Every structure is written in structure tokens, then in C-alpha cells.
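Q: Have a look at this one before I ask anything.
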Amino acid sequence: MGVRTWIDSWPVYRQLKGNDPLGRGAAVKSPLSSERKARLDTADRVVKSICPYCAVGCGQDVYVQDGKVTQIEGDPDSPVSRGRLCPKGSASLQLTTGSAREHQVLYRRPNSTEWEHLELDTAMDMIADRVVKARREGWEWEDIHGARTRRTMGFASLGGATLDNEENYLIKKLFTALGAVQIENQARV
Ligand code: SF4
């Protein structure tokens, strides 16, 4: 490579002399980076979603190729975040595809130091049994003044920030029907 060619290929020189003074386009491209294709280009569909990490609820565009999530970007249509994601939301692809993601129920028995895998049906049955037991053991027909209450103090519900209206509606219905009175959502804390 001659000296002239070498200088012409130097990104800083191209940035100063060319039409890309901020160095965000042609000036910083190499032959290799010019050939690269963004994962967005090869996706066969884009699914609208919401970042699951916090109460802001930023909009996300989830790019899918051959049934697999390949990239997650901020959704420019979202009135909440207008295309932006914080570092956590930007890294949420790892939440869906990362090796740390669990695909089976994990259970640690009381006083045990080991996790064990459970079938989902088994775990659901265990939860149902415990709900029934806690409801029964915490049941109160009346309060200390003799006023009729018909409630259970055996459990409470604390919802997560990214539950939507419909989910919160169903949770409230379910827990009220079970007799719970302590029903709250983290987004309001
Ligand atoms: S992108 Fe960041 S700010 Fe937005 S919902 Fe996710 S965690 Fe919250």
C-alpha cells in the first residue's frame, strides 16, 4: 500500500477531508464493515413488546428470524420511550436467548442447599396446595371487635411493575375471590 493510499484509508483523514465530519458514516467504514449486514436486515418479522425490567415500560421491537429472537431494539412508535432503551433494556436480548435463562422449574426445599428441577404440573399442584392451606390457616370470620370480616390474612399479593391493566384486573379478582385483603402493586409503592 502506497503512502497516498494509506493516508486516504485513514479514518481520521477521511473524516476531516470528506463529507462525514462527525465520523458516523462513510468516514469510519472499512471494507470489512461495509460488507456487514445488521441482524435487523435479515429478520422475517418484528414483534412489538414492552421491556420487562422496570416500571417505565419502554416499547421494544423484537426482531425474529426462523422463529428465534435475533435482536431487540427500542420502538420509535412508543409514546413512553420514543425509540430509546436504557442499557438494561438494550441488553434484554440476553434475557431471552442467554445461557443463564432457565427453561425448567427450579425448587429448593426448606433447609436444602440444592436446587432441583420439577415438572411444571407438579410445581403448580404444590402452589395450589399451599394457597389452599395458607388461606384456611389464615382465615378470619371476624375481627377482634367481633365485626364480620370473612377474610384471609394467610397471603397477600404484590404485583410487578410491568403487569398490564388486564393482568392486574385478573389478579385483583382472583385474590379478592380467595378472601385476601392485602393486594398491592409495586408500581404504586
Ligand atoms: S429500557 Fe430501561 S428504563 Fe425502559 S423499561 Fe427497560 S429497564 Fe426500564
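Q: Any residue that is modelled with pLDDT under 95, touching a Phe, Trp or Tyr at 6+ places or on another chain (Cβ under 9 Å) and not assigned by TED's automatic domain parsing to the domain that holds A55 - is there at least one of those in the stretch 162-169?
A: Yes, the stretch 162-169 contains a residue that is modelled with pLDDT under 95, touching a Phe, Trp or Tyr at 6+ places or on another chain (Cβ under 9 Å) and not assigned by TED's automatic domain parsing to the domain that holds A55.
Q: Which is loosely packed, with under 15 Cβ neighbours inside 10 Å and touching a residue at least 24 places away in the same chain (Cβ under 8 Å), of K68, K37, K29, K17?
A: K68 is the lone residue from the list that is loosely packed, with under 15 Cβ neighbours inside 10 Å and touching a residue at least 24 places away in the same chain (Cβ under 8 Å).
Q: Say we look at the stretch 40-50 and pick out the residues that are of a type in the set (A, V, I, L, M) and surrounded by fewer than 14 Cβ atoms within 10 Å (Cβ to Cβ); which of these is nearest to D75 (Cα to Cα)?
A: Of everything passing the filter in the stretch 40-50, V47 is nearest to D75 (Cα to Cα).
Q: Quick check on my filter: what residues within the stretch 75-92 are over 13 Å from the mean Cα position of the chain (by Cα) and open to solvent by less than 40 Å² (accessible area, probe 1.4 Å)?
A: D75, S78, S81, G83
Q: Shifting gears a bit: Determine, yes or no, whether L95 is under 26 Å from G67 (Cα atoms) and under 28 Å from the mean Cα position of the chain (by Cα).
A: Spelling it out, L95 is indeed under 26 Å from G67 (Cα atoms) and under 28 Å from the mean Cα position of the chain (by Cα).
Q: Using beta carbons and a limit of 8 Å, which pairs, at least six apart or on different chains, have the first residue in the stretch 76-92 and under 12 Å from C54 (Cα atoms) and the second one among the acidic types (D, E)?
A: Taking only residues 6 or more apart or on different chains, the pairs are L85/E73.
Q: For the stretch 109-120, give me each residue that is on the phi < 0 side of the Ramachandran plot and more than 24 Å from the chain's Cα centre (by Cα).
A: Listed by number, the residues that qualify are R109, P110, S112, T113, E114, E116.
Q: Then there's this: Only one of A38, A55 is more than 12 Å from the ligand (Cβ to nearest atom), more than 12 Å from L93 (Cβ to Cβ) and of a type in the set (A, V, I, L, M, F, W, C); which?
A: When all the criteria are applied, what remains is A38.
The values are calculated or read from the model by the stated rules, or taken from the named source; none is laboratory data. The structure presented is a predicted model; accordingly, all values stated were derived computationally and were not measured. A quick note on method: Cβ atoms are made from the backbone with ideal geometry, for glycine too, and the neighbour counts reach across all protein chains shown. Heavy atoms of the whole protein, side chains included, go into the accessibility calculation; ligands, DNA and RNA do not. Shrake-Rupley method; radii C 1.70, N 1.55, O 1.52, S 1.80 Å.
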